[in-house]
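I have placed the structure first, in the form of structure tokens, so that the comments after it can refer back to it.
The values are calculated or read from the model by the stated rules, or taken from the named source; none is laboratory data. All figures in this text were calculated on a predicted structure; none of them were measured in a lab. Cβ sites come from the backbone with ideal geometry, for glycine too, and all protein chains shown count toward neighbours. The accessibility values were calculated without ligands, DNA or RNA, using every heavy atom of the protein model including side chains. Shrake-Rupley method; radii C 1.70, N 1.55, O 1.52, S 1.80 Å.
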Amino acid sequence: MANFLVSVLIMAVPLLLCSLGALFSEKAGVINIGLEGLMLTGALFGVLGSYWTGSPYIGALLAMLAGLLLSLLFAFFTITIRANQIVVGVALNIVASGLTISLNRVFLTSSGVLKVADFETLPIPLLSRIPLLGETLFSQSLLGYAAYALVFATWFILGRTNLGLKIRAVGDHPTACDTVGIHVNRLRYETVLFSGMMAGLAGACISTDQLNAFSEGMISGRGFIAYAAVIFGNFTPLGVFRSCLIFATGMGLQYRLQAMDTPVSYYFWMMLPYIITVVALCAYHKRSNAPRFSGLAYAKN
């Protein structure tokens, strides 16, 4: 049970980093379907940074920078050019897929790189010795602690600060915000760039903190699952947290059941996280907290 809980919490970390970052841009009214591509790009540059410098922390910073630059491209087309956000997000995923395949074969495959330095586990003294809870909650890497701290930070910023009020207002009443002097598009740019950085960090978490390597297409839909967590979590930080734990539990079950000797096909267990995601979204009937102007570009009159 302890090993299973550890695996669930580990798998929830990249989902939390990506979905909580995306929550900021969603609250500001920008739909980012390109999370998959941003995570994939971050995964590659996290490994490249760790390989070039020997430090996974430098790799994480490089992954965040790559996510920042790619999300800047997304923001330019969706906010400045006012292109359709869904179309641009899909295009971003396609660009990221081709870009990472090319760079991987140039820098990593050709060099024979198999493993890179990963993040160390940082057990908290005394607390890590608590039976069951200590091993699951207080024996994680720095990224693990940061992801769970981000849940509280997001709740506080969006719900208890002036900045959070502006972000929510921009998503619900952009014209009114513009009237009182709030720069709508600039705030949307900032939230999109932040979500890109978090998605890049989430990708680096998978490649350098969990697998210590990069493989083409390794994100395997986690970016879409992270976006689904935002919707299923009803656009609230605590809801997103619960959703990520549910989806991470499905991933943990996937690997556990694959290791068991069952007559069920291996490929069925591989589908389990995605089946849980689809069922969860189909069964979702709460009143949505989505911004009123979600997905709509704003043009100042």
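Grab the beta carbon distance between L114 and L73, set R0 = 35 Å, and tell me the FRET efficiency rounded to 0.05. For L114 and L73, the calculated efficiency is 0.65.
Couplings for the range 89-104, taken from phi via the Karplus curve 6.51 cos²θ - 1.76 cosθ + 1.60 with θ = phi - 60°, read x, 5, 4, 4, 4, 5, 4, 5, 4, x, 5, 5, 4, 5, 5, 4 Hz in order; Gly and Pro are left as x. Each stretch of four or more DSSP H residues adds -39500 (n - 2.57); spread over every residue of the chain, this sum gives -22000 deg cm²/dmol at 222 nm.
If you wrap the Cα atoms of the chain in a convex hull and average its projected area over all directions, you get 17.0 nm².
Label-to-label distance, V87 versus R287, with points set 7 angstrom from Cα along the beta-carbon direction: 3.5 nm.
Taking the Cα centre of the chain as origin and assigning +1 to Lys and Arg Cβ atoms and -1 to Asp and Glu Cβ atoms, the resulting dipole is close to 780 debye.
Over the range 143-301, consider all pairs of different Cα atoms and compute the Kirkwood hydrodynamic radius from their mean reciprocal separation; express it in Å, one decimal.
Averaging 1/r across every pair of different Cα atoms and inverting gives 17.9 Å.
With a Förster radius of 35 Å applied to the C-beta separation of N3 and V278, the computed FRET efficiency comes to 0.80. GNM on the chain, alpha-carbon springs under 10 angstrom: the most fluctuating residue among F247, F138, F235 is F138. Per residue, the chain exposes 47 Å² of accessible surface when a 1.4 Å probe is rolled over the protein heavy atoms with every protein chain present. For the range 16-29, the Karplus equation 6.51 cos²θ - 1.76 cosθ + 1.60, evaluated at θ = phi - 60°, returns couplings of 5, 4, 6, 6, 5, x, 5, 4, 5, 5, 5, 5, 7, x Hz by residue, with Gly and Pro reported as x.
Taking amide H as placed 1.01 Å from N in the peptide plane, the amide H of S141 sits under 5 Å from that of L122, each at least 5 places away or on another chain. Phi angles across the range 117-122 convert, under the Karplus curve 6.51 cos²θ - 1.76 cosθ + 1.60 with θ = phi - 60°, into 3J(HN,Hα) values of 5, 10, 6, 7, 6, 10 Hz, Gly and Pro given as x. When the Cα positions of P125, I31, A12 are compared along the charge dipole of the chain, I31 comes out farthest toward the positive end, with charges on each C-beta of Lys, Arg, Asp and Glu.
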